[in-house]
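Shown next, in structure tokens, is the structure this report addresses.
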Amino acid sequence: MNKVDNPINPDLRSGNYKKYNSRNPLMGMVISNFTENLKAAIAPLDNINKVIDIGCGEGFIINCLDLPDVTGVDISKNALKLARDRNRNCNLCAGSVYELSFKKDSFDLAIATEILEHLEKPDSALKEIRRVSRDYCLLSVPNEPYFRTMNFLRGKNLKRFGNDIEHVQNWSSEEFVKLVGKYFKVLEVRKPFPWTMVLCRK
């Protein structure tokens, strides 16, 4: 992925930003595997013209997509500022996954990676994601307990046994697929370590 050319204020760097820009070669391999799985999952889909990346953060996922019409939404204005530097030709706006400012069936594909584990009400978020999607959806969350184990082994969040301080939900792959299945038809499940990635359809 391309790194931002302009100097970045260190105060704006989230954990997500640091993860995608990590100089650790192992982390680089993990992130690359994740994005390659994401691209491979959506590559066979037909008629994908309008895409929304919900919880787009600093725009790393948008940056790896080769799609003409992508909208990014995030609750963090700091993240959106960095996303604009990285993705000057896409639509970016502030918003909450619980209440997206788009009409029903607005997007051919809705992407929501690494946001549901941060939410107190993931069911409400999934309903809203389903509402704005016309057809497909791609979701990902940490695959537990592997995500926590990886954190612990690399010395991160030791007092929390590897659990990220911002994560309020913890799902195994089986648990997450079951949750997604309440709102979508599951088409494919991928497990790019240490995440669960689900491609689904309304």
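Taken together, the values in this text are just the output of simple stated rules run on the coordinates, not laboratory data. Owing to the predicted nature of the structure, the values given are computational and were not obtained by experimental measurement. Note: ideal-geometry Cβ built from the backbone for every residue, glycine included; neighbour counts use all protein chains shown.
Before moving on, here are some points about what is shown:
- Put a dot 7 Å past the Cα of GLU175, heading toward its Cβ, do the same for GLU36, and the two dots end up 3.0 nm apart.
- Divide the volume of the convex hull around the Cα atoms of region 33-121 by the residue count and you get 103 Å³ per residue.
- Taking all Cα-Cα distances within region 10-201, those exceeding 25 Å account for 31%.
- Residue separation of ALA43 and LYS185 scaled by 0.36 nm, minus their Cα-Cα distance, works out to 49.3 nm of gained length.
- Put in order of Cβ neighbour count within 10 Å, fewest first, the listed residues ARG130, ARG88 become ARG88, ARG130.
- Taking TYR146, TYR98 and counting other C-beta atoms within 10 Å, the order from fewest to most: TYR98, TYR146
- FRET efficiency for the PHE193 to ARG84 pair, using the beta carbon distance and R₀ = 45 Å, is estimated at 0.90.
- Extension gain for ASP66-VAL168 works out to 33.5 nm (0.36 nm per residue, less the C-alpha to C-alpha distance).
- When both region 167-202 and region 29-67 are represented by their alpha-carbon centers, they are found 16 Å apart.
- As a proxy for reagent exposure, ASP135, ASP108, ASP66 were ordered by neighbouring Cβ count within 10 angstrom, fewest first; the result is ASP66, ASP135, ASP108.
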